[in-house]
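The values are calculated or read from the model by the stated rules, or taken from the named source; none is laboratory data. In this text the structure is predicted, and so the values were computed from the model without any measurement. Please note: Cβ atoms are built from the backbone with ideal geometry, for glycine as well, and neighbour counts cover all protein chains shown.
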Amino acid sequence: MKFIEEVVVDEFLPTVRSMLAEDLRERGFTQREVADALGISQSAVSKYAHGDVARHDRIVADERVRDLVDRVGEGLAAGDLSPVAALVEIEVLIRRLEEGDLLAELHEDAMPALAAADVEFSVHDPDSGLREREAVLASVRRGLRTLTNASGFAGLIPNVGANVVECLPDGGSVDDVAAVPGRLVDVKGRAMVPGEPEFGVSEHVATVLLAAREAGASARGAVNVRYDPDLVATLAESHPTVEFDAERGTREAVVEAVAAAADPENAEGSADDGTLVCYQTGAVGVEPIVYVLAPTAPEAARIVRELL
C-alpha cells in the first residue's frame, strides 16, 4: 500500500527542490541563501548541487513543473515572492497534478490496483467514486459476515442460491450493484461464499432491488432467502411486505407491486424506514423467493438473521 502523499514526498518534492536549488544557484544565490529560501539545510543544498539526490525524469520533463520552477525561482530572486507565496504556488501545482494527472499516474504506477479499479479517483474528495465503491463493497462484506457466522442460515438459502447485495447511492443499473459472484449456496449445512464481492455480478437480486428503487423504495441493500409462508408472515409483522407476480417478469412486476404498496391509501406502505419485503410464490420454471430489502446490506442481513 502506497499513499499519494508518499509519491509527493519521495518523488515530487526532492525533484522540485533540486530543480529550484539549481535555478537559484544559477541566479547567484549562495548556498546559505538557497537553504533559507527553500527552508532546508545547507547540507541538503550541497547534496542537490552535487547530484546526490535522484530526480524523477517524468517530473523533470513536465513543462508545468519546469515553468513553476522558473516562476518561483525568478520571484524569489527578485523579491516578488516570499517563501510562503512560493509554497502556495507549489502546493497549487501538487493538487492539480494529483487530480487524474502526473502524480495520479505515478501513484497508479506504485499501486496498480488503483488503475484496475476503472473508476475516477480523487484523493482529496471524500465523495470520490472509488471511495464510494469501496465503502459499498465493505458494506456487502459486513452483511456476508452477519449471515455466514449465523448458525442455520444455510437452511434459508433457496435452490437457486442466495446473495447479499448493495447498490451505490445513485445506482441505476446492475453494474452499480455489488454482490457475491456466483451466489451463496448450501454445502452440507454451511453457506459457501464463492468469491469476494464485485460490482455487476448479480442479475437476480440486483434486478429486484433496482426495480423497487425505481418504484420509490429507498433501500440500497438486499438479501434473498427461500420462500415460506411462515417466514413472510413473520417479516410482515415488522416490515412493509408486497407480493409480485413472477410470471409477468421481475422488473415490471416488482415496480408495480412496490408502487401500489407505497400508495398513501395503502396502510401497509405508509411507513418507510427503508425496509421492504418483496416475494413471489413461483411460476413455471421459477422458484418462489423472498427478498429482504433495507437501507444497507448489513441491515438486510440482520433482518434475515433474526428469522433464525
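What the table shows:
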{"read-out": "Any hit, region 77-93, residues being part of a helix (DSSP H, G or I), at pLDDT below 85, of a type in the set (Val, Ile, Thr) and farther than 24 Å from Leu137 by Cβ", "value": "yes"}
{"read-out": "Output for region 21-76, where each listed residue is among the aliphatic types (A, V, I, L, M), closer than 18 Å to Glu91 by Cβ and not in a helix (DSSP H, G or I)", "value": "Ile40"}
{"read-out": "All positions within region 86-113 that are in contact with a helix residue (DSSP H, G or I) (Cβ under 7 Å, 6 or more places away or on another chain) and free of Cβ contacts under 8 Å to residues at least 40 places away in the same chain", "value": "Glu89, Leu93, Glu108"}
{"read-out": "Number of positions in region 182-192 that are surrounded by fewer than 19 Cβ atoms within 10 Å (Cβ to Cβ) and either touching a Ser or Thr at 6+ places or on another chain (Cβ under 8 Å) or assigned to a strand (DSSP E or B) (or both)", "value": "5"}
{"read-out": "Val223 assigned to a helix (DSSP H, G or I) and in the same structural domain as Pro169 (by TED's automatic domain parsing)", "value": "no"}
{"read-out": "Answer from Thr234, Thr241, Thr250 - the residue that is of a type in the set (Val, Ile, Thr) and surrounded by fewer than 16 Cβ atoms within 10 Å (Cβ to Cβ)", "value": "Thr234"}
{"read-out": "Unique residue being modelled with pLDDT of 95 or more and under 23 Å from Glu306 (Cα atoms) when the list is Asp228, Asp176", "value": "Asp228"}
{"read-out": "Residue tally, condition surrounded by 18 or more Cβ atoms within 10 Å (Cβ to Cβ) and within 31 Å of the chain's Cα centre (by Cα), over region 216-231", "value": "8"}
